[in-house]
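Below: the structure, in structure tokens.
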Amino acid sequence: MKTREWLFHTAEPEAIDRLVKSLGVSPVTAQILIARGITDANEARNFLNPDLSQLNNPFLLRDMDKAAMRVATAIRGGEQIRIHGDYDADGITATTLLVSFLRQFGANVDYHLPHRLEDGYGLHMDAVEKAAADGVSLMITVDCGITAFEEARRCRDLGLDLVITDHHEPHNVMPDAMAVINPKRRDSAYPFHNLAGVGVALKLARAIELTLAGHLTDGTMISEYLDLAAFGTIADVMPLLGENRVIVRNGLEGISSAKRPGMAALLATSGLSGKKISSWNVAFGLAPRINAAGRLASPELGISLFLTDSPDEAYQIAETLNSINQERQAVESEILQQALAKIETEGDMSSQKAIVLAQEGWHPGVIGIVASRLVEIFHRPAILISIDGDEGRGSGRSIPGFDLYQALNDCRETLIGFGGHELAAGLTIRAQDIGVFTRRFLETADSRIPWDLIRPPKLYVDAVASLEEISEGLASEMELLSPFGAGNPAPVVAVKNVKVLEYRQIGADGKHIRMRVGDGDQIRDVIGFGMGDRAQDLYRLGGGTLDIAFCPEINEWNGTRNVRLNAKDFLASQG
């Protein structure tokens, strides 16, 4: 019976009992909390009930005081402010957030979003020159700018004040801007380092609100923008812990209620209207439509969607985004098949600990997604490079434990430029240097990645329970542990020695499997998505029993509601 390696978290009975008594949760939920390193009752309460009061003071961020005061002065003086964003969902939501927020105070503000193919990532000199020519006196970057050293100096020369807000990895020295706000600054005492670009923008908005008010406020204005902050945080695959957890849990409510016409239209065209939106819905249903605009068309579509007050205009834009996303899926599929073919003929996955592929004609806006798919398939870092004439543009994704940004830094002599963070990065390179870069990057990966790190990922089991404990009440408690995503995966629970009462393959070509399992008088339904080929394992099991690792969930179908085991793996019981 083919299966992944299961690793069980263990917890002392006394620790479980303390949380059960202090929080009033089930022993299973207590086990899950402990498995995630949460053993203190107060910490657990904050985790289960992420409240806006848990957000850190924005002025703990280095340079925030200077930035907020400068923006407040610009608002009061009617100065021209320009927000310089980025073309992905994080940058688009961050730009929307600051533009909308500043306009509420009557600010004279506009925005600029670079085009992925024409401009590339980040703040560029032509954008600086145009801002100065347009009479802009204050430029604020969001989700970019931390490596804009020459551009910052040019702003100084032109008398254009520059405030940089970013969350990507900084160098030891900061650009010469009037303020550089980044939670990852090495000279920063800010307690949370993993804010998305839109999270940093939210912090700046809060600081501006406090500065303009001149005293502490309840932050009600900021709560209006949590939907955008949650959207961008999920889309940028930030860990859903700490402040991000607070932002996303509260922001998902705003996405579900969809008071913004653009959000309502996006939900409608995605088939999600009227539903309670989860982080999974955003990551795999909504964000790809916004990102598709920046990949294949113009990011202007995304920000226009979120800024418009017209439901009709919003729906038209959402329909366009839906079509572009379908085109993106087709292009992605084609490049993936070509990449897999190259690996088949050129690669050696038995000896290579990373993947570097280059080809002319690959769409540079899509190669990052394909790199992610290769990481999922081969469990190792992947970089794809699109060659256009004498230059190549690459996008890479990594695995936990291998810092992609640092690896590129070690290969920097072969690159024109690069940027990003531990798990995702981009690069530009001379076509003639791709071979040298590939060899050096593969050598770096070989020296830093143990073979154990790139084997198929282990299955971490948070808790062991009986079938009787798997109830609707437990499934409801699991909701308190959400939102799930990077840094906070959906809990995996295991039941042991259950008997398979019936099973059958379902779905197109028998792709999925459905089971009913029992333990005494307890019977539960099981669904195994994408596990249809394992029906043969159940056939071989005969009259034996199973151990099942699963996520408990509520299944509603045809007016009935019951708890279901969403299987992640199963194996023959060992006794």
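Of the residues GLY528, GLY543, GLY507, which is within 33 Å of the chain's Cα centre (by Cα), open to solvent by 10 Å² or more (accessible area, probe 1.4 Å) and more than 19 Å from ALA30 (Cα to Cα)? I'd like the intermediate steps shown before the answer.
Numbers: GLY528 fails: open to solvent by 10 Å² or more (accessible area, probe 1.4 Å); GLY543 fails: within 33 Å of the chain's Cα centre (by Cα).
It is GLY507.
For segment 101-122, how many residues meet the condition of being surrounded by fewer than 18 Cβ atoms within 10 Å (Cβ to Cβ) and under 17 Å from LEU228 (Cα atoms)?
Residues in segment 101-122 being surrounded by fewer than 18 Cβ atoms within 10 Å (Cβ to Cβ) and under 17 Å from LEU228 (Cα atoms): 2 in total.
Give the residue that is farthest from MET478 (Cα to Cα), with candidates limited to residues of segment 5-62 that are touching a strand residue (DSSP E or B) at 6+ places or on another chain (Cβ under 6 Å) and in a helix (DSSP H, G or I). First the steps, then the outcome.
We begin by selecting, within segment 5-62, every residue touching a strand residue (DSSP E or B) at 6+ places or on another chain (Cβ under 6 Å); these are 6-8, 28, 31-32, 61.
With the extra rule that they be in a helix (DSSP H, G or I), the set shrinks to 28, 31-32.
Details: VAL28: 10, GLN31: 12, ILE32: 9 Å.
Taking the candidates together, the pick is GLN31.
Criterion first (open to solvent by 10 Å² or more (accessible area, probe 1.4 Å), out of contact with any Asp or Glu (no Cβ under 6 Å at 6 or more places or on another chain), modelled with pLDDT of 95 or more and within 30 Å of LEU48 (Cα to Cα)) does ARG245 satisfy it? Break it down into steps so the answer makes sense when it comes.
Details: open to solvent by 10 Å² or more (accessible area, probe 1.4 Å): no; out of contact with any Asp or Glu (no Cβ under 6 Å at 6 or more places or on another chain): yes; modelled with pLDDT of 95 or more: yes; within 30 Å of LEU48 (Cα to Cα): yes.
Against the criterion (open to solvent by 10 Å² or more (accessible area, probe 1.4 Å), out of contact with any Asp or Glu (no Cβ under 6 Å at 6 or more places or on another chain), modelled with pLDDT of 95 or more and within 30 Å of LEU48 (Cα to Cα)), ARG245 does not qualify.
Has segment 300-323 got at least one residue that is closer than 28 Å to ASP390 by Cα and either touching a Pro at 6+ places or on another chain (Cβ under 8 Å) or open to solvent by less than 50 Å² (accessible area, probe 1.4 Å) (or both)? Step through it out loud before you land on a result.
Residues of segment 300-323 closer than 28 Å to ASP390 by Cα: none.
No, that holds for no residue.
Conditions (1) in contact with an Asp or Glu (Cβ under 7 Å, 6 or more places away or on another chain); (2) buried (at least 20 other Cβ atoms within 10 Å of the Cβ); (3) farther than 18 Å from GLY417 by Cα; (4) without any contact (Cβ under 8 Å) to a residue 24 or more places away in the chain, marked per residue:
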{"residue": "ALA132", "(1), (2), (3), (4)": "no, no, yes, no"}
{"residue": "HIS168", "(1), (2), (3), (4)": "no, yes, no, no"}
{"residue": "ALA179", "(1), (2), (3), (4)": "yes, yes, yes, no"}
{"residue": "LYS184", "(1), (2), (3), (4)": "yes, no, yes, yes"}
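Restricting to segment 138-182, name every residue that is small (Gly, Ala, Ser), within 21 Å of LEU97 (Cβ to Cβ) and in a loop (DSSP other than H, G, I, E, B).
GLY145, ALA148, ALA177
Out of ALA44, ALA15, I need the residue that is touching a residue at least 24 places away in the same chain (Cβ under 8 Å) and more than 30 Å from the chain's Cα centre (by Cα). Which one? Reasoning before the result, please.
Details: ALA44 fails: more than 30 Å from the chain's Cα centre (by Cα).
Only one candidate passes the filter, namely ALA15.
Which residues, taken from segment 63-93, are surrounded by fewer than 24 Cβ atoms within 10 Å (Cβ to Cβ) and either without any contact (Cβ under 8 Å) to a residue 12 or more places away in the chain or part of a loop (DSSP other than H, G, I, E, B) (or both)?
ASP63, THR73, ARG76, GLY77, GLY78, GLU79
Test of understanding: among GLN352, GLN338, which residue is over 23 Å from HIS193 (Cβ atoms) and modelled with pLDDT of 95 or more? Let's see the steps before the verdict.
Numbers: GLN352 fails: modelled with pLDDT of 95 or more.
Result of the check over GLN352, GLN338: GLN338.
How many residues, within segment 207-232, are farther than 26 Å from ARG156 by Cα and either among the β-branched types (Val, Ile, Thr) or at pLDDT 95 or above (or both)?
Matching residues across segment 207-232 total 11.
The values are calculated or read from the model by the stated rules, or taken from the named source; none is laboratory data. Just so you know, these numbers come straight off a predicted model, no measurement behind them. Reconstructed Cβ throughout: ideal geometry from the backbone, glycine too, with neighbour counts over all protein chains shown. Please note that ligands, DNA and RNA were not included when accessible areas were found on the heavy atoms of the full protein model with its side chains. Shrake-Rupley method; radii C 1.70, N 1.55, O 1.52, S 1.80 Å.
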